[in-house]
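Worksheet: one structure, shown below.
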Amino acid sequence: MSRRTAQANSRAADAWKVRVAGLSLIIAAALTMTACTPPATSSSGQPASPSTSPEDSTIPQATAPADPTVVATTSAVESTLKTLAAGNPKPDRETLRAALVSAGIPEANVEVSVSRTPTGLEVDAMEAAALAGESCVMGQIRDGGVVVTVLPVLATGKCFVGDSR
């Protein structure tokens, strides 16, 4: 076999390896994405039939926190943010902080995101957190809508990562 033939065969083998590796990555990605999608269930907990509409299927909800402090803080944060967003869909940082403190959340337990980017632009959403025991009640106001969720406290003892001056 000549040197050129050997080089051509080597390049063909390398190209084949690259194709197989690429195909393997595509298959792995597809399997990963489908593995992360839970099957639809009906209200009876059984897999939904193809004729069942999404409105008929039930998505399991997280259980409500058992800690009364978390429940009370969640209620206070949600009602405060909804009231605030109804009057101003894009409140500034100090207004948001003052409203949560007025709702009875200790000022030391309130964290609020910045209302302006480093370049001076308005942020898309305002976020606030209220520390409640070992939980953080996180609230977000975006386009006048409010979303509230409960997350665990970070290892730092805070709810936000980084500097929230």
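The values are calculated or read from the model by the stated rules, or taken from the named source; none is laboratory data. What you are looking at is a predicted structure, and each value in this text was computed from that prediction instead of being measured. When we count neighbours, we look across all protein chains shown, and the Cβ atoms used for this are built from the backbone with ideal geometry, even at glycine. For accessibility, only protein heavy atoms count, side chains too; no ligands or nucleic acids. Shrake-Rupley method; radii C 1.70, N 1.55, O 1.52, S 1.80 Å.
Could you compute the FRET efficiency for A108 and A86, with r as their C-beta to C-beta distance and R0 at 25 Å, rounded to 0.05?
With a Förster radius of 25 Å, E is 0.35.
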Normalised contact order of the range 111-165, rounded percent, pairs of Cα under 8 Å and 6 or more residues apart = 30 percent
What does the accessible area of V123 come to, in Å² to the nearest 10, when a probe of 1.4 Å is used?
-> 30 Å²
So the FRET efficiency between V161 and S79, C-beta based with R0 = 41 Å and rounded to 0.05, is 0.95
Gain in length, D67 to A98, computed as 0.36 nm per residue apart minus the alpha-carbon separation, to one decimal in nm?
-> 8.7 nm
Run the 1.4 Å probe and let me know the accessible area of T95, rounded to the nearest 10 Å².
-> 60 Å²
Given a 1.4 Å probe and the protein chains all in place, what does the accessible area of E122 round to, in Å² to the nearest 10?
-> 100 Å²
